[in-house]
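Reading through the structure tokens given below for one structure.
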Amino acid sequence: MLADAYRRFSEASASTSPLYERVALALSASEEALGAIATTGKRHPAAVLAALHDLALAGRAPALAAAYAARDADAAASAAIDTVLRTSDLTVRRSLRADETGRHAVLYPAVTEAARRVGADAVGLIDVGRTAGLNLNVDRVGITYDNGQALGDPTSPVQVSASVVGDRPVPAGAVPDVVARVAVDVTDPDAARWLLACLPPEHGERLAAEIALTAPPLLLAGDPVEVLPAAFARVPADALPVVTTTWALSALPLEGRLRFLHRLDEAATDRAVAWVSVEGVGVAPSVPTLGDRRASGHSTIGVAVFRHSTLRTEAVGRCWSRGRLLAWLA
């Protein structure tokens, strides 16, 4: 029963989000609200609560927004029921997104390694995927690893952490000067807000700080394979273009991934181009699988350098839990 699902979600939220604990419990007890939810495409409590949070962040549910801001669980419960009943279309059209803080802990050393291999003093970051451009912040955050290493900006309002597996430390160098930031395939102008909406209201401070930290990058919407040449054109000639993909290429068919690789090769006719990939095993073309099986539960960190019609690709590490745990291999 739908009511049981919301009661169980309430119980599971008790230790992490008092607001969601109370809201889910109130929804489970409201036959009218459950009836309205039953007509939506996705009924799962996490999806519906994210949709309600999105309405609050967008200014379309002011009473709910005020209750969340005040951390008033009873007011939030009442406002959530009212919002469900008066909203004609609560359909959740977007997938739930985790706050993948670990991506920076993986990208920072990989981008540094790509620049080192080319001898680049400046880079232009080109992110392909639907991360609301947050991957372009990789040089603006502070990162600490449980082996005592620290990278990035220790004064940044955004601080993330990760654990290192094995005895090899991540590269200790710094990302060179970033002279261009281009986000490709950001077709949803509300992507950053949706990332925030997928978190309980009490948990969004770090992500909100990261979104605020993001100077508006250049956004190029459209087929990422076709848009890439325009993205490369925005990187100054004396800087190394570094394309980053984090769990993005699985959205493309194999033919699209091969065309993506071909675009990178085409761009390297007159200068070096680097590609840093964090994808599931076997997803990124040309990146070695290290003998790992597909769908093995972890991702491969790849660094590829295209230069003078030659390609050098290496799997430099593995990571788990969206980058919160990594093993450096290079």
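Does PRO236 count as modelled with pLDDT of 95 or more and open to solvent by 20 Å² or more (accessible area, probe 1.4 Å)?
yes
Can you tell me which residue among ALA197, ALA208, ALA212, ALA230 is of a type in the set (A, V, I, L, M, F, W, C), open to solvent by 30 Å² or more (accessible area, probe 1.4 Å) and more than 18 Å from ASN137 (Cα to Cα)?
One residue alone meets the criteria, ALA230.
Take region 51-73 and flag every residue that is small (Gly, Ala, Ser) and crowded, with 22+ Cβ neighbours inside 10 Å.
Result: ALA51, ALA56, ALA61, ALA67.
Out of all the residues in region 117-149, which are acidic (Asp, Glu) and within 28 Å of ASP185 (Cβ to Cβ)?
ASP127, ASP139
Do you know which residues across region 125-159 are open to solvent by 10 Å² or more (accessible area, probe 1.4 Å), touching an Asp or Glu at 6+ places or on another chain (Cβ under 9 Å) and either among the acidic types (Asp, Glu) or on the phi > 0 side of the Ramachandran plot (or both)?
Of everything in region 125-159, those that are open to solvent by 10 Å² or more (accessible area, probe 1.4 Å), touching an Asp or Glu at 6+ places or on another chain (Cβ under 9 Å) and either among the acidic types (Asp, Glu) or on the phi > 0 side of the Ramachandran plot (or both) turn out to be ALA132, ASP139, GLY152, ASP153.
Give the residues of region 84-109 that are modelled with pLDDT of 85 or more, open to solvent by 20 Å² or more (accessible area, probe 1.4 Å) and among the basic types (Lys, Arg), sorted by residue number.
Of everything in region 84-109, just one residue is modelled with pLDDT of 85 or more, open to solvent by 20 Å² or more (accessible area, probe 1.4 Å) and among the basic types (Lys, Arg), namely ARG86.
If you take the residues in region 213-240 that are aliphatic (A, V, I, L, M), assigned to a loop (DSSP other than H, G, I, E, B) and within 22 Å of the chain's Cα centre (by Cα), which one is nearest to ARG181 (Cα to Cα)?
ALA215
Hey, among SER321, SER286, which residue is in contact (Cβ under 8 Å) with a residue 60 or more places away in the chain and hydroxyl-bearing (Ser, Thr, Tyr)?
The unique qualifying residue is SER321.
Can you name every residue in region 282-297 that is within 21 Å of PRO171 (Cα to Cα) and surrounded by 18 or more Cβ atoms within 10 Å (Cβ to Cβ)?
Of everything in region 282-297, just one residue is within 21 Å of PRO171 (Cα to Cα) and surrounded by 18 or more Cβ atoms within 10 Å (Cβ to Cβ), namely VAL287.
The values are calculated or read from the model by the stated rules, or taken from the named source; none is laboratory data. Predicted model only: the values in this text are computed from it and were never measured. Neighbour counts are summed over all protein chains in view; Cβ atoms, including those assigned to glycine, are modelled from backbone coordinates with ideal geometry. Areas reflect the complete protein model, heavy atoms only, side chains present, ligands, DNA and RNA absent. Shrake-Rupley method; radii C 1.70, N 1.55, O 1.52, S 1.80 Å.
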